[in-house]
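Single-structure report; data block below.
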Amino acid sequence: MRARKVCMIGDFAVGKTSLVSRFVHSTFGEGYLTTVGVKVDTKVIRLPSGDDIKLVIWDIEGADPADREPDSISSRMKTYLQGADGILLVADGTRPGTLEVARQIGGAFATEYGDIPIVLLLNKSDLAEQWQVDEGQLKDIDGLTQCFTTSALSGENVART
Ligand code: GDP
Ligand code: MG
């Protein structure tokens with residue numbers, strides 16, 4: 001079976017680990033345990049063509065400040081990203097600062113890894129009353145292939161139930 005490596009990247013506590021739990025295990029926990037280093041999960045998905053592929057999902061700890069500087073990606077992050085087929089860049093729609101971090105990471109990564117698709121996930125869409133990001137703020141993010149609002153809690157745009 002073909003395999004594809006996808007990396008979850010973004011600021012602390014935006015929901016990277018929760019999105020992976022929802023997608024792979026169909027669970028959501030309120031608890032917050034900082035991810036140390038990297039955790040790898042796999043899930044086999046069926047493509048519209050009928051082919052199965054194994055997604056190998058790397059849940060990477062909150063990005064190093066070095067990764068937020070233009071043209072500067074930490075050597076540790078480069079190691080994690082080796083062989084990646086796609087990047088899921090996660091931000092928290094209730095915390096605009098996390099979108100700023102995503103913008104910085106996106107810019108640095110688009111320069112270094114121009115051929116790897118970067119998809120932005122604006123997470124926590126269930127917290128509508130605390131939502132603080134509007135579409136205009138998404139326009140100046142470089143290198144994005146696509147953008148979705150998601151919720152690890154409700155499963156919006158995560159789980160296919
Ligand atoms: P990570 O540091 O990016 O891996 O973030 P976590 O997945 O550990 O989540 C950080 C916190 O946000 C935890 O308390 C989660 O329960 C919470 N959280 C994550 N995703 C969502 C979501 O979609 N909705 C809500 N309401 N809370 C979320
Ligand atoms: Mg985590």
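The values are calculated or read from the model by the stated rules, or taken from the named source; none is laboratory data. Remember, it's a predicted structure, so these values are computed and weren't measured experimentally. Backbone-built Cβ (ideal geometry, glycine too); neighbour counts: all protein chains shown. Remember, those area values only see protein heavy atoms, side chains included, never the ligands or the DNA or RNA. Shrake-Rupley method; radii C 1.70, N 1.55, O 1.52, S 1.80 Å.
Take the range 55-161, compute every pairwise Cα distance, and split them into 10 Å bins from 0; I just need the percent in each bin.
Distribution as computed: 14, 47, 32, 7, 0 percent.
Please work out the average accessible area per residue across the chain, using the 1.4 Å probe convention, and give it in Å². Don't skip to the end; give the middle numbers.
Details: 8510 Å² over 161 residues.
Here the per-residue accessible area is 53 Å².
Which percentage, to the nearest 5, of the DSSP beta bridges contained in the chain is antiparallel?
Once the DSSP bridges in the chain are tallied, antiparallel ones form about 30 percent.
Tell me what the chain gives for mean residue ellipticity at 222 nm when only DSSP H runs of n ≥ 4 count, each as -39,500 (n - 2.57), the sum divided by the residue total, rounded to 500 deg cm²/dmol. Spell out each step's value before the answer.
Working: 3 runs with 34 residues, N = 161.
Value at 222 nm, helices only, nearest 500: -6500 deg cm²/dmol.
Give or take rounding to whole Å, what are the principal axis extents of the alpha carbon atoms in the range 1-98, in descending order?
40, 33, 22
Would you calculate the separation in nanometres between label points at residue 131 and residue 33, each defined as 7 Å from the Cα along the Cα-to-beta-carbon direction?
3.2 nm
Using alpha carbons only, what's the Rg to Rh ratio of the range 118-161 with Rh from Kirkwood? Each step should come with its number before you reach the end.
Working: Rg = 11.3 Å, Rh = 11.3 Å.
For the range 118-161, the value is 0.99.
Leaving out ligands, DNA and RNA, and with a 1.4 Å probe, what % of the accessible surface on the range 1-147 is carbon or sulfur?
Roughly 51 percent of what the probe reaches on the range 1-147 is carbon or sulfur.
Go through 36-43, 15-22 and give me the packing order, highest mean Cβ count within 10 Å leading.
Working: 36-43: 12.0, 15-22: 23.4.
Per-residue Cβ counts within 10 Å, averaged per peptide and sorted highest first, yield 15-22, 36-43.
What does the net charge come to around residue 65 if you take all other residues with beta carbon closer than 13 Å to its beta carbon, with K and R at +1 and D and E at -1? Numbers along the way, then the final one.
Details: positive: 68, 76; negative: 11, 61, 64, 67, 69, 100.
Net local charge, residue 65 excluded: -4.
What percent does the relative contact order of the range 35-86 come to when contacts are Cα pairs within less than 8 Å and at least six residues apart? All intermediate terms of the calculation are to be shown ahead of the outcome.
On the way: 51 pairs, mean separation 15.1, N = 52.
Normalised by residue count, the contact order of the range 35-86 is 29 percent.
May I ask you to order 147-159, 124-136, 88-100 by the average number of other C-beta atoms within 10 Å around their residues, highest value first?
88-100, 147-159, 124-136
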